[in-house]
Amino acid sequence: MPTTALMIETLVQMRHDPGGVPVDQFWALVERFRADLVNQALGILSSQPDAEDVAQEALSKAFLELHKLRDPAKLGWWLRRINRCQALELRRKRLRAREERLATGQVDALRAPERNRPPEADAVVRAVDQLPEHFREVVVLKYWEKLGNDEIAVRLNIAPVTVRTRLARADGLLARALRVARREEEHAR
């Protein structure tokens, strides 16, 4: 039986008799989506540990709210939606906390660069963080989650031409931001 059919069968069985699903079947279901959810959250949060925490929270929330899933065939979309909301909420909380620390003069509270990441990657992450939300969404889906334009359009419920337009505009904004960052770095030397 294909993985998707097995997952749908497991969900239907869970809905009717939550205690009747073998544990290994449930964990196979979780593991099928875990990496995708971590990658999605990583694109939004830029932190592996935070992304893993958000994915875990999203899976827990989905399990508790399983009764709200009307169509088991849409499980992947539903999980990604929950995960995205969880990641954006954490990101908003972090930004509010950062703004509060900056307002009170706690400048050392700014995010330190991640270890094991080249310095250029920090500049890219900062540039992506500064993009308006609608541009950042398509960039994360395209480059972090490796989705095609048509998949992005379906996921965001927008036209494929809108995806292409937003990507082109985001690429231009990112290129400009990275040029400025590079000039500032060279000027500081």
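Model label points for Arg32 and Thr165, set 7 angstrom from Cα along the Cα-to-Cβ axis, are 3.7 nm apart.
With neighbours defined as other Cβ atoms within 10 Å of a residue's Cβ, the residues Glu99, Glu133, Glu151 order from fewest to most as Glu133, Glu99, Glu151. Ordered by the number of other Cβ atoms lying within 10 Å of each residue's own Cβ, fewest first, Trp77, Trp144 fall into the sequence Trp77, Trp144.
Applying 0.36 nm per residue to the separation of Ala181 and Asp71 and subtracting their alpha-carbon distance, the gain on full extension is 34.9 nm. In sequence order, the range 52-58 has phi-based couplings of 5, 5, 5, 4, 4, 4, 5 Hz under the Karplus curve 6.51 cos²θ - 1.76 cosθ + 1.60, θ = phi - 60°, and Gly or Pro positions carry x. A DSSP coil position with no more than 15 other Cβ atoms inside 10 Å describes the following trypsin sites (Lys or Arg not before Pro) in the range 36-80: Arg70. In summary, the lysines within cross-link reach of Lys68, defined as a Cα separation below 27 angstrom excluding same-chain residues under 8 places away, comprise Lys93.
Per residue, the convex hull spanned by the Cα atoms of the range 114-189 amounts to 88 cubic angstrom.
Values in this text are rule-based calculations from the coordinates and carry no lab data. Just so it is clear, the structure is predicted and the values come from calculations on it, not from any experiment. Positions of Cβ are backbone-derived with ideal geometry, glycine not excepted, and every protein chain shown enters the neighbour counts.
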